[in-house]
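Worksheet: the structure to be examined is printed underneath.
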């Protein structure tokens with residue numbers, strides 16, 4: 001069980017803060033069942049997740065884990081889908097998101113960069129998918145490394161020596 005104030009990864013929603021743990025304050029809701037009230041780091045609103053849910057949740061990685069992840073980025077291969085059918089490409093990347101690993105997110109970002117460079121065109125789907133992967137990854141790195149969200153990309157570039 002997570003504690004109030006703790007930052008966690010909630011499914012494919014990225015970093016969320018546990019604001020409170022309480023029954024839902026809605027008519028018809030059981031007063032016995034406890035829920036996490038989760039506020040996303042990126043975006044707005046509140047997610048309500050039963051404390052006994054099977055949905056993916058985990059604590060945000062430690063600073064050491066974040067630094068090791070950043071150091072490993074050059075060795076993570078890009079996820080490249082060679083199919084040109086939009087629904088197959090979408091499914092390919094959706095399956096990677098469902099792995100709930102930071103390595104998969106890095107792979108998605110690298111793969112989409114390659115795909116867009118190769119095609120020399122911008123795809124709104126590819127850009128939206130890349131933004132989503134970056135939001136989740138950079139959100140967690142921001143919290144773990146205690147740096148501003150907007151500074152994560154520069155931190156990565158400096159740490160791995162990319163230009």
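Some observations on this one:
- Extension gain for the segment residue 31 to residue 113, taken as residue separation times 0.36 nm less the Cα-Cα distance, is 24.7 nm to one decimal.
- Model label sites at residue 20 and residue 4, defined 7 Å from Cα along the beta-carbon direction, differ in position by 0.8 nm.
- Isotropically averaged projected area of the chain, using the convex hull of Cα atoms (one quarter of hull area), nm²: 11.1
- Among 130, 57, 26, residue whose mean-square fluctuation peaks in a GNM of the chain (springs only between Cα atoms under 10 Å): 26
- Mean shadow area of region 7-59 over all directions, Cα convex hull, nm²: 3.7
- Here the gap between residue 67 and residue 86, fully extended at 0.36 nm per residue and compared with their Cα-Cα distance, gives a gain of 3.4 nm.
- Placing R0 at 22 angstrom, the Cβ-Cβ distance between residue 125 and residue 98 gives a FRET efficiency of 0.80 after rounding to 0.05.
- Fully extended contour minus Cα-Cα distance, from residue 147 to residue 39, at 0.36 nm per residue: 37.0 nm
- Here the Gaussian network model covers the chain, with springs between Cα atoms less than 10 Å apart; of 133, 91, 66, 91 fluctuates the most.
We did not get these values from a lab; they are worked out from the coordinates using the rules stated. If you're wondering where the values come from, they're calculated on a predicted model, not measured in any experiment. A quick note on method: Cβ atoms are made from the backbone with ideal geometry, for glycine too, and the neighbour counts reach across all protein chains shown.
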